[in-house]
Amino acid sequence: MHLFFPLASSILYVVAALFLKQSASRGVDIWRTAFVCNAMTALLFLCLWPLGGKPVVIELLWQPLLVALLFIVAQLMTFLALKTGDVSVATPVMGSKVVLVAVFTTLLGAGTVPLALWAAALLSTLGIASLNGKGETRHANVLRTVWLSLAAVSAYALFDVLVMSWAPNWGTGRFLPLVMLASGLLSFGFLPLARKGKASRAWRDQRPLFFGAVFMSLQALILVSSMAIYGDATAINVIYSTRGLWSVLAVWWLGHLFGNTERSQGGGVFRSRLFGAACLCASVALVFV
């Protein structure tokens, strides 16, 4: 039943991505976006503190600090990918985190990965390749978007494995709030880099940013908490990778509500990405089996 948590996170992530893409199109820079999202996430994760945990050991504070740095890097790469390219390209590529989590889990000795989960991870990779088919239209920033997304998921994958490894020793009510509090405090360093101008004053331009931050932090709370409590990072991330499916459907059916124009790329792109979505659904079936 815990796999329904990453499924909910995958849907919330797509909503957040659409809002943040709209925010970027209105001139809000990634530094302001990162600060608002990380501050919102830090506040939301404080609600986990009552869950308790072991007393904080000063000598081990480097662990939540390292994980916080990974989270910040992953967030920045994600926002850059969304600003550079399409939601229906960046989001499916990030599904490759399934493979990276499986690899990091094995290399770092955080747990064993059953053969069925390896098969699901490889099937997810095939789905990602199809979801990123360009069809009849070549997007000028596809390659850059792919590399930025891969950089983001590499940091996210290592983040997930370290949370799964270290959170049990701290307790869910201590490790995760400390990680997000550290990321929020470190994000104050982004404020001097944020551009001054119309985007920083007009509520119309800022509104998608705040909505995106709320949904992004909420999905992070659900996803990261489920990994910290249940472990099973590879299975959780296979389910979470269905955000690629939701991103394709949302962009083609609801994207116009967010001012998104990806639908104009044509039916060839849509069909290719739907095939990839089918592969992702098959990988989900493997996890449940």
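FYI, it's all coordinate maths here, none of it is from the lab. A quick note: this is a predicted structure, and the numbers were derived from the prediction, not measured. FYI the Cβ positions are ideal-geometry reconstructions off the backbone, even for glycines, and counts take in every protein chain you see.
Could you state the number of Å between the C-alpha centres of segment 12-58 and segment 214-240? Using only Cα atoms to place each centre, the spacing works out to 14 Å.
Once the Cβ-Cβ distance between Ser25 and Leu274 is put in as r, and R0 is 25 Å, what FRET efficiency do you end up with, to the nearest 0.05? E(calc), rounded to 0.05, equals 0.50. Once the other residues with Cβ under 14 Å from the Cβ of Leu70 are scored (Lys, Arg +1; Asp, Glu -1), what is the net sum? Net charge around Leu70: 0. For the pair Val57 and Leu122, what calculated FRET efficiency results from E = 1/(1 + (r/R0)^6), where r is the Cβ-Cβ distance and R0 = 35 Å, to the nearest 0.05? E(calc), rounded to 0.05, equals 0.35.
Subtracting the Cα-Cα distance of Leu185 and Ala8 from 0.36 nm times their residue separation leaves 60.9 nm of extension gain.
The residues neighbouring Lys97, those whose beta-carbon lies less than 12 Å from its own, together hold a net charge of 0 under the Lys/Arg +1, Asp/Glu -1 convention. Ordering of 25-35, 244-254, 47-57 by packing is 244-254, 25-35, 47-57, highest average first (other Cβ atoms within 10 Å, averaged per residue). Less than 5 angstrom separates the built amide H of Gly171 from those of Lys54, all sequence-distant by 5 or more or on a different chain. One chain, two ends: Ala282 and Trp49. Fully extended at 0.36 nm per residue, the span grows by 80.2 nm beyond their Cα-Cα distance.
Rounded to the nearest Hz, the phi-derived 3J(HN,Hα) couplings of segment 214-224 under the Karplus curve 6.51 cos²θ - 1.76 cosθ + 1.60 (θ = phi - 60°) are 4, 5, 5, 5, 5, 5, 5, 4, 5, 5, 5, where x marks glycine and proline.
The modelled label-to-label distance for the pair Asn169/Leu69, using points 7 Å beyond Cα in the direction of Cβ, is 1.7 nm.
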